[in-house]
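None of the figures in this text is laboratory data; all of them are computed from the coordinates on show. Since the structure is predicted, the reported quantities are computational estimates derived from the model, not experimental observations. A quick note on method: Cβ atoms are made from the backbone with ideal geometry, for glycine too, and the neighbour counts reach across all protein chains shown.
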Amino acid sequence: MHGPGFVSIWFFIGALLTAYGLLITATGLYELGTPPANAPVLSNLHASLWWGLVLLIIGLIYFIKFFPKKQ
Amino acid sequence: MTEKLLTLSPVDLVIIGLYFVMVLGIGFYLKRFTKTGEDFFLAGRDMTSWIAGLSFVAANLGSLELMGWAASAYQYGILATHWYWIGAIPAMLFLGIVMMPFYYISRTHSVPGYLKLRFGEPARALSAITFGFMTVLMSGINMYSMALVLKIVLGWDIHFSIWISSLTVAVYVFLGGLLSAIFNEVLQFFLIWLGAIIVSVLGLIEAGGWSGMVHRIHTNFPGQDYTHLWAGLGSFTSNPMGIHWTGIVLGLGFVISFGYWTTDFLVVQRVLSAKDLRSAKMAPIIGSAFKMAVPFIVILPGLLGLAVLPEHLVGESQAATMPGAHTYNEVLPLMLARYCGPGLLGLGITALIAGFMSGMAGNVSAFATVWTYDIYRALIRPRASDNHYVSMGRWCTILGVLISIGTAYVVMQFLSIMDYVQALFSIFIAPLFGTVILGMLWKRATPAAGFWGLLAGTLSSLAMFLWVHFDPSALRYIALSSHAQNMAENMYRALWSWIICVLVTVAVSAVTKPKPISELKDLVYGATVIPSEGAVSLVHRPIFWAGVVFVVFVVLNIIFW
């Protein structure tokens, strides 16, 4: 698509999801030790931690698989 | 509402900020690849079926889709799912298998462009002008709903939200045209799913699964059926929407759905960007599979709201007289607030912003194309250079955003966002579907009939809308029942206006001269040779995957009957 040197959309998606995964996983880890004052419903399930990891895994797969190659 | 539902943490703000950086970065990156009109308006006709398909669905996933349909699910129950299943899937499959070959082979750049080739300039001018009008209205509604979410949830100033989000869309579409819009829509598609599905997952856990949710809804709202798709549609009074199954099947499932998914240029433009005919046929089929799953992130949160929220939400008019009451439109933000802490909240808000931007970019890029090719080039300056039209498209993007912003301030006066959208669809889209489908499938339809049928259908739809608006008792004639709600009225108005369009088109065709067959080549069934798909295996044929999607669609309707 659009010839050599064209960076795939999947790379951009991977980069953003990786960044989000890192941020949300880190937040989840922090909340393990320091629970928030106004905890949401079901906060005992630590959704930030496992959902952050899901984002990180998906993001890394796309980021690595579609990383732009030198021409 | 006078106070915000929650406050963002620094990590939430970083997540939202990263999103804005990424979409703008994509726009700047893609500018170098959009030099010609084909690049800017049709993304170089170089998209794979997956990218075109995801973009096709994402452009329809505005914040209206997320917030408005969650609100409708709270108000009408699972009946709102009809807008995703019977109100989308058959039409999307029909577009891919039956209609796409004609759009694609004719090499048209737009739906009004197809009408020009098939019926001539008057039909094109009428559809282009009504489409341009509808598009900026839709864009304004989308913008307003986004700003409303941010005001309710975060307490952000409504004007700040409108201007910042809109100008971001304007910049990236200005830079990269449809290519930039499509790339960002695919990105936004991922963010919408990953940001919104967490509410459904956690909601189901809290409610005790599907059966637990249904039990809670029956306890909270005794005597009302919110959880059956078809069982309550035998009469106008046995379901929360006040609609009969004929309205859902004929009005929504046939006219409005086929009208929107097969003739609304906002979505069709994404498919026209496909790199070849097979990709163009596959894109709506791929899109339909994802569309079928959208209720799990949109309708389910509304149903879960019925089950787990401690208070009963009310309509906008009731909320005005009940200080502190929350409205239907707030159900998704309330559910986000219920389950999402720092980080996840930022992701959920980003999903809403992404939904807004994908919907708005869809409107703006389609508006720029129709304005430039079907109004400006057709009626104002027919013989300019390609560079001139690209430049016009870029500036038209800015103009479209500014008009949409003005429209957003106008639509703030309307009480029910989604009902208004459906009214717009039925007024403009239903008759257009009548004209396009007769144009594609009936060689005898004449150029004069195309124009007069479209005009008669549009005016009759507008007249019916105004009749009921000024005399609510007319509802019993338009919607066949005085118990019908707004959405039911829209379904039947769409049906009548489509029938009027078809009858006028047939009648005028009978007394006017058709085009010779040689001029209908690549435009009409029976006068067009559809290219063979060659000797490919079954799993590479679009018809196979359309069959798979249709079977799943039938099974889902039976499960939730």
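Backbone phi angles across the range A:34-50, fed through the Karplus curve with coefficients 6.51, -1.76 and 1.60 (θ = phi - 60°), yield HN-Hα couplings of 10, x, x, 4, 9, 5, x, 4, 6, 5, 5, 7, 6, 4, 4, 5, 6 Hz in residue order; Gly and Pro are listed as x.
Grouping the Cα pair distances of the range B:491-532 into 10 Å bins from zero gives a pair-distance distribution of 25, 30, 31, 14 percent in increasing distance order. In chain B, helical runs assigned H by DSSP with n ≥ 4 each contribute -39500 (n - 2.57); averaged across all residues and rounded to the nearest 500, the mean residue ellipticity at 222 nm is -21500 deg cm²/dmol. Seen from B:Y389, the other residues with C-beta closer than 13 Å to its C-beta sum to a net charge of +1, counting Lys and Arg as +1 and Asp and Glu as -1. Cβ-Cβ distance of B:T512 and B:F133, R₀ of 22 Å, FRET efficiency by 1/(1 + (r/R0)^6): the value works out to about 0.20.
Can you return the aspartates and glutamates within cross-link range of B:K31? Criterion is Cα-Cα under 13 Å, with same-chain partners fewer than 8 residues away left out. Output for B:K31: B:D39. Potential lengthening of the chain between B:I530 and B:V249 amounts to 98.1 nm, from the contour at 0.36 nm per residue minus the alpha-carbon distance. A crude spin-label estimate for the pair B:V14 and B:S317, with each label 7 Å from Cα along the Cβ direction, gives 4.8 nm. Spread over its residues, the convex hull of the C-alpha atoms of the range B:151-217 is 118 Å³ per residue. For the range B:1-108, the list of GluC sites (Glu not before Pro) that fall in a loop by DSSP and count at most 10 other C-beta atoms within 10 angstrom reads B:E3. Note on the range B:8-90: along the principal axes its Cα atoms extend 48, 43, 18 Å, ordered by decreasing extent.
Amide hydrogen proximity for B:A274: with H placed 1.01 Å from N in the peptide plane, the residues at 5 or more positions away or on another chain lying under 5 Å are B:M47.
Between A:H46 and B:L503, what's the calculated FRET efficiency when r is the beta-carbon distance and R0 is 56 Å? Round to 0.05. Efficiency at R0 = 56 Å is approximately 0.35. With a cut-off of 8 Å between alpha carbons and a minimum separation of six or more residues, what is the relative contact order of chain B in percent? Here the relative contact order equals 29 percent.
Computed from the C-beta positions of A:F6 and A:I57 and an R0 of 41 Å, the FRET efficiency is 0.95 to the nearest 0.05.
Assuming charge only on the beta carbon of Lys and Arg (+1) and of Asp and Glu (-1), the dipole of chain B about its Cα centre is about 1600 debye to the nearest 20. Just so you know, the Rg over Rh for chain B is 0.95, from Cα atoms, with Rh as the Kirkwood radius.
Relative to the present Cα-Cα distance, how much length would full extension add between B:L402 and B:H228 at 0.36 nm per residue of separation?
58.4 nm
In the range B:74-217, inverting the average of 1/r over every pair of distinct C-alpha atoms gives 19.4 Å as the Kirkwood radius. When the C-alpha to C-alpha distance is required to be over 21 Å, the pairs from A:K65/B:K281; B:K443/B:K513; B:K35/B:K521; B:K35/B:K275 that qualify are A:K65/B:K281; B:K35/B:K521. Restricted to Cα atoms, the range B:438-522 shows a radius of gyration and a Dmax of 16.1, 51 angstrom. Each semi-axis of the equivalent ellipsoid for chain A is √(5λ) with λ an eigenvalue of the Cα gyration tensor; in descending order they amount to 34, 9, 8 Å. Volume of the convex hull of the protein assembly as shown (Cα atoms only), normalised per residue: 152 Å³. Under a 5 Å amide H cut-off, with hydrogens placed 1.01 Å from N, B:V314 pairs with B:H326, B:T327, B:Y328 among residues at least 5 apart or on other chains. Based on C-alpha pairs under 8 angstrom that are at least 6 apart in sequence, the range B:130-226 has a relative contact order of 11 percent. Considering the range B:357-513 at the alpha-carbon level, its Rg and Dmax are found to be 18.6, 56 Å. Label separation (B:A293 vs B:L379): 4.3 nm, computed from points 7 Å beyond Cα along the C-beta direction. For B:R381, B:R118, the sequence from fewest to most other C-beta atoms within 10 Å is B:R381, B:R118. For the range B:468-560, state which GluC sites (Glu not before Pro) are in a DSSP loop and have at most 13 other beta carbons lying within 10 Å of their beta carbon. Hits after loop and neighbour filter: B:E533.
Put a dot 7 Å past the Cα of B:S537, heading toward its Cβ, do the same for B:A474, and the two dots end up 5.9 nm apart. Normalised by the number of residues in the range B:309-461, the average gap of Cα pairs under 8 Å and 6 or more apart makes the relative contact order 15 percent.
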